[in-house]
Amino acid sequence: MFIDVHAHAYRKAPVYGAEGTRSWVTPEKLIEFYDKHQIETGVLMPLLGPEFYPPQPNEDILEAAERFPGRFVPFCNVHPYAMNYSASAPLEILFERYKKLGFKGVGEVTFNLSFYDPFMQNFFRAVAQSGLPLTFHLAHRLGGCYGVYDEPGLPGLAETLERFPNLRMLGHSQTFWAEIGELDMVYDRAGYPTGKVREGAVPKLMRRFPNLYGDLSAGSGANALMRDEEYAVKFLNEFQDRLCFGMDVCLEPVDDTPAQLAYFLIRLRDEGKISEDVFRKVARENIKKLLDL
């Protein structure tokens, strides 16, 4: 069975978007989806926003993990502006308290600030001090979207990884995974590039910084591998110890699209393109080790 490195669920599902035509998935609905696709456990992360999503309490995440033992691993979140709106606020106090309550990591970090912003650097410092791993959503611009902003080539991420070598960071989003390959156009960072992968910033950073991990969730993670199967096999083999399967289920009704990566990995294993050992690491063992499950 798989472990999902990236999950969301609301206790009382609010509507999504201005039209209000869909709602967020509940823990109960997410478990139904997990049972259908052989997902044992999901890393459940609050969406603190507030750039795009209704802010969600950390306590709701912990409650879901307690109501459904073994099905969810709780992550917490704290806004960089917390504790008196100071770029030197001791946010580590909050992370230590959440850690004692049983939270296993921090995320999903979606604040639309630059990696270089003093508030973000203080945030990363505090998470590093707590020892918790962190999942971040990378943004292609400031304004009009969500996620931590970095320039093409990811220099801000590189500087952060170097500055905080003990901070284990799981990269996620269209922008992050677009940079698995060279970009034909900078705007390609906003979507899902296709075609053969000419090696880009992400694999280069993963070679240089052992504290960078790959969150393979959502269409972005799946596309990064499925756009070029030959390169995917090389990538999975080289970084087999730092890649984590994920789905990023968000809204109801849930179709089978988030599970496409699971069946892609199963096929690569069954065809002998990746070994059973590599498959198991990516499917579940890497996240178990990272979170000490």
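A few remarks follow.
- FRET efficiency, Met83 to Lys12 (Cβ-Cβ, R0 35 Å, nearest 0.05): 0.80
- Considering only Arg242, Arg227, Arg189, the Gaussian network model of the chain with Cα springs below 10 Å gives its largest mean-square fluctuation to Arg227.
- Taking only protein heavy atoms and a 1.4 Å probe, the accessible area of the range 97-238 is 51% carbon and sulfur.
- Globularity index of the range 32-152 is 1.10 (Cα radius of gyration / 2.2 N^0.38 Å, N = number of residues).
- Each of Leu62, Asn84, Pro118 was scored by the projection of its Cα onto the charge dipole of the range 37-143, and the greatest displacement toward the positive side belongs to Pro118; charges sit on the C-beta of Lys, Arg, Asp and Glu.
- Cα gyration tensor category, rounded, prolate or oblate, for the range 38-97 with a/c compared to 1.5: prolate
- Residues of type lysines that Lys12 reaches as a straight line, Cα spacing below 19 Å, ignoring anything fewer than 8 places off in the same chain: Lys29
- Amide hydrogen proximity for Val106: with H placed 1.01 Å from N in the peptide plane, the residues at 5 or more positions away or on another chain lying under 5 Å are Cys76, Leu134, Thr135.
- Note on the chain: the alpha carbon radius of gyration divided by the globular reference 2.2 N^0.38 Å gives 0.93.
- Of the accessible area of the range 23-88, computed with a 1.4 Å probe over protein heavy atoms only, carbon and sulfur atoms account for 54 percent.
- Qualifying aspartates and glutamates (Cα of each under 18 Å from Cα of Lys100; at least 8 residues distant if same chain): Glu59, Asp60, Glu63, Glu66, Glu92, Asp292
- Solvent-accessible surface of the chain, taken per residue with a 1.4 Å probe and all protein chains present: 42 Å².
- Mean projection area, nm², convex hull over Cα of the range 164-293: 8.5
- Positive-end extreme of charge dipole, the range 136-293 - chosen from Pro165, Cys244, Gly221 (charges on Cβ): Pro165
- Candidate lysines - alpha carbon under 20 Å from Lys104, same-chain residues fewer than 8 apart omitted: Lys281, Lys288, Lys289
The values are calculated or read from the model by the stated rules, or taken from the named source; none is laboratory data. For clarity, every value in this text was computed on a predicted model and none was experimentally measured. Counting neighbours? That spans all protein chains shown, and the Cβs are built from the backbone with ideal geometry, glycine included. Heavy atoms of the whole protein, side chains included, go into the accessibility calculation; ligands, DNA and RNA do not. Shrake-Rupley method; radii C 1.70, N 1.55, O 1.52, S 1.80 Å.
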